[in-house]
Structure formats: C-alpha cells, structure tokens
Amino acid sequence: MSSCNHYIDNQQKSSEEVCSNNLNLKSLSLLRYFNLFLMKQTYKHIFWDLDRTLWDFEQNMRITLKDIFENHNLKKAIPSPDHFIDTFVEHNNKLWASYQRGAMKKEVLRFKRFEVTLKDYGIRDKVLAEVIGDEYINESPKKTALIPHSIEILDYLHSKYKLHIITNGFNEVQFTKLKLCGIEKYFDKVVTSEISGYHKPRSEAFGYTLASANAKKQESIMIGDDIEADIIGAQRFGINQVYFNPSGTPHNEKPTHEIDNLLDLKKIL
Ligand SMILES: [Mg+2]
C-alpha cells in the first residue's frame, strides 16, 4: 500500500469512526430522552410532605410566637420576640426529636417546649406554659403562609397525577392548615403519623399511605424537605424521591432528584 493510499485509508477510517461515534451519541441521547419520557409516564401518585415543603412552617411559627409574646406581655422577662423564638426553636427541635422517636407523648410536648423556654428566662410557671402551648396549637395552623409557588405547582400537577400528603404532624393541626390555606382540594389522601401509627422515615408510614391511596411503589414519588424523614425514608421503602432543598443544605445522600424551587418540578413531572 502506497503511503498516499495509507493516508486515504486512515482518513476514511477516522471519518467512519467519527460518524459512528456521532451515531452512538445520537442513539444514547435518544435513549435518554425515551427513558425520561417513560419515567415521566410511570408516575401516577405524588406523595407530598406538608411542613416546610408546601406550608411555610418558619414564617407561620414566627408570626404565632410574636403574637404570643405580645398577648402574654413576655417583654417583662424576655429581651425580644426574636430572642424568645430562637430559644423556643432550640428546645422544640430537641423535644420534637424525642416525640418522633416515640420517647415523648404529644400532650407533654405541647407544653414542655414552652415550659423549658420560659424557664430559661427565670419564669417557672407550668400553668402559663400550658396556656401558651394550647394557644400555639390553636393559632399556628390558622396562619396561611405557603412556600413560594406552591399553588402554581399544585395547579400544574393536579391535572396530571393523584396528589397525597404524608406528614408527621398532629391530626387537628395538619387538617386545619390544609383547609385554611386553601390547598386541601388538591389532595386525594392525607395521612398523618397519628392516622398511620408511624412517623416518617419508618417504612410502615409509607406503606400505610401508599396502601390507602391504592398506589404501587413504581408509580409513586415522594417530595419533601427533610433528608432523613422524607428522602432516606422513601429510599429505604423503595420509592423515588425529590429532595426540596431551598437553602442548599450539604448532604451525602443520592436522592432521585434535588430541587431548590418548587417550579423545578415542571422539569421532572
Ligand atoms: Mg417537612
């Protein structure tokens, strides 16, 4: 073979390789789009967490605690409403974790979180803690701040999928929130941990909720803001997940999808 032929032969080979690589890339992209299309079609049921995913827990809690601060004239002992809120949040997080582990009853949690908060400011008054505890449970669910774009995304998804709620909150509180902030109409099944008897991330909580919605695992996806309760829980149970992480909290998990804005769900669902 002359060196010229050899050159032509190599050139031909390399253009064939480029062509075949291009075809492979095209087939891969097509396959990927086809899979994405299929994935979109396989979901029939979307399971939503409520607090901090749709209902703006932080904002609603702050408004309620500021009202309580004013109503009970707490400024006599506490520097500011924000100081009171920060102390409450610290105690509430610890006590809520005990409640979720089953180590504390909800009747105790209701007032205990205020009893220890008040004690930090030298107020030792169990009766006041009980009054404030009841006021918080009665008033906070009436607050109606939602996470940005909640209504828009629920409107978009409602016509395409069956939507359900799976939440660890108290029964009377969660149903009031859904009703008063006007999103109750979007949901087919609402299952609280009180109804199922189990808290997320326990698989039993997901199992009960999927069974009551008559949903199969492969047709279901979970959306939530809590990496442990919503994402790891759903992963262990065997359903896909969307981690709603608006503040970009670092983590080592591998959720099926991760978003920082609810409108990003339009790209997935
Ligand atoms: Mg949540």
Q: For residue 105 and residue 261, compute 0.36 nm times the residue count separating them, minus their Cα-Cα distance, and round to one decimal in nm.
A: 52.7 nm
**Q.** Global geometry of the range 161-230, whether rounded, prolate or oblate, following the gyration tensor of its Cα atoms and the 1.5 cut on a/c
**A.** oblate
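Can you figure out the FRET efficiency of residue 211 with residue 76, using R₀ = 45 Å and their beta-carbon distance, to the nearest 0.05?
0.30
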Q) Quick one: what do you get for the range 57-142 if you divide its Cα Rg by 2.2 N^0.38 Å? A) 1.00
Q) Using the per-residue mean of other Cβ atoms lying within 10 Å as a proxy for protection, in what order, highest first, do the peptides 258-267, 144-153 fall? A) 144-153, 258-267
Q. So if we plug the beta-carbon distance of residue 251 and residue 120 into 1/(1 + (r/R0)^6) with R0 = 35 Å, what FRET efficiency do we get, rounded to 0.05?
A. 0.70
Q: For the range 76-196, restrict the atom set to alpha-carbon positions and state the Rg and Dmax in Å.
A: 17.0, 55
(Q) How long are the semi-axes of the equivalent ellipsoid of the range 200-269, taking √(5λ) for every eigenvalue λ of the Cα gyration tensor, in whole Å from largest down? (A) 21, 14, 9
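Read-outs: derived from the displayed coordinates by stated rules, not from any lab. Predicted model, so just to flag it, every value in this text is computed and none were measured. Here the Cβ is made from the backbone with ideal geometry for all residues, glycine too, and neighbour counts use every protein chain on show.
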